[in-house]
């Protein structure tokens, strides 16, 4: 009876069959966390509501939503439903970052919401095993967030996350 118990427990944890699989999963989740953290650091440096931890969690979560189905043998054609769910869920999270200040005719948080959205996309790409594409994407996003505000003139002089300033 004790042998049956341990056999059942071992079969429950058999989703990682070997060290190579552990290495792949660890590398993908770590890369997702790292890339999300870089993007989150840029937002946190600008004192935005979604910073390092939020972006890291979004990237890792998106990678997990892809890794799980891939590991369980879901055909890649069926992955579109998973991706639709990730995109929709992240839309709700991003909407929470957007604040409308009617009295001042300002919308704040659009860039932060967009950075959460694109971070989820990067997490998905990492989860699919497209690491080089994810790194290149993160570099492009970081340039957009960190460099573009210095190139494009601001509509306002403050450092808010407005519709037109996109800082």
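Within the range 13-40, the set of residues being modelled with pLDDT under 95 and more than 18 Å from residue 64 (Cβ to Cβ) comprises 14, 17, 18, 19, 20.
Of all residues in the range 18-33, exactly one satisfies the criterion of being under 10 Å from residue 60 (Cβ atoms) and surrounded by fewer than 15 Cβ atoms within 10 Å (Cβ to Cβ), namely 30. There is at least one residue in the range 108-128 that is over 24 Å from residue 15 (Cβ atoms), in contact (Cβ under 8 Å) with a residue 24 or more places away in the chain, out of contact with any helix residue (DSSP H, G or I) (no Cβ under 6 Å at 6 or more places or on another chain) and not in a helix (DSSP H, G or I).
Counting only residues that are touching a helix residue (DSSP H, G or I) at 6+ places or on another chain (Cβ under 6 Å) and under 18 Å from residue 66 (Cβ atoms), the range 132-143 holds 4 of them. Restricting 83, 57 to residues that are more than 12 Å from the chain's Cα centre (by Cα), crowded, with 17+ Cβ neighbours inside 10 Å, at pLDDT 90 or above and within 18 Å of residue 28 (Cα to Cα) narrows the list to 83.
Residues checked against (1) within 25 Å of residue 146 (Cα to Cα); (2) not in a helix (DSSP H, G or I):
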| residue | (1), (2) |
| --- | --- |
| 35 | yes, no |
| 49 | yes, yes |
| 69 | no, no |
| 73 | no, yes |
| 77 | no, no |
| 80 | no, no |
| 84 | no, no |
| 100 | yes, yes |
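Within the range 14-33, one or more residues are within 16 Å of residue 117 (Cβ to Cβ) and part of a helix (DSSP H, G or I).
Taking (1) surrounded by fewer than 16 Cβ atoms within 10 Å (Cβ to Cβ); (2) modelled with pLDDT of 95 or more; (3) in contact with a helix residue (DSSP H, G or I) (Cβ under 6 Å, 6 or more places away or on another chain) in turn, residue 146 satisfies each apart from (2). With respect to the conditions (1) more than 14 Å from residue 32 (Cβ to Cβ); (2) surrounded by fewer than 16 Cβ atoms within 10 Å (Cβ to Cβ); (3) free of Cβ contacts under 8 Å to residues at least 12 places away in the same chain, residue 133 lacks only one, and its number is (1).
Checked against the criterion of being touching a strand residue (DSSP E or B) at 6+ places or on another chain (Cβ under 7 Å), closer than 25 Å to residue 142 by Cα and without any contact (Cβ under 8 Å) to a residue 60 or more places away in the chain, the range 80-100 has at least one qualifying residue. Is it the case that residue 15 is in contact with a helix residue (DSSP H, G or I) (Cβ under 7 Å, 6 or more places away or on another chain) and surrounded by fewer than 14 Cβ atoms within 10 Å (Cβ to Cβ)? When the stated conditions are applied, residue 15 passes them.
The values are calculated or read from the model by the stated rules, or taken from the named source; none is laboratory data. All values reported here derive from a predicted model rather than from experimental measurement. Every residue, glycine as well, gets a Cβ built from its backbone with ideal geometry; the counts of neighbours run over all protein chains shown.
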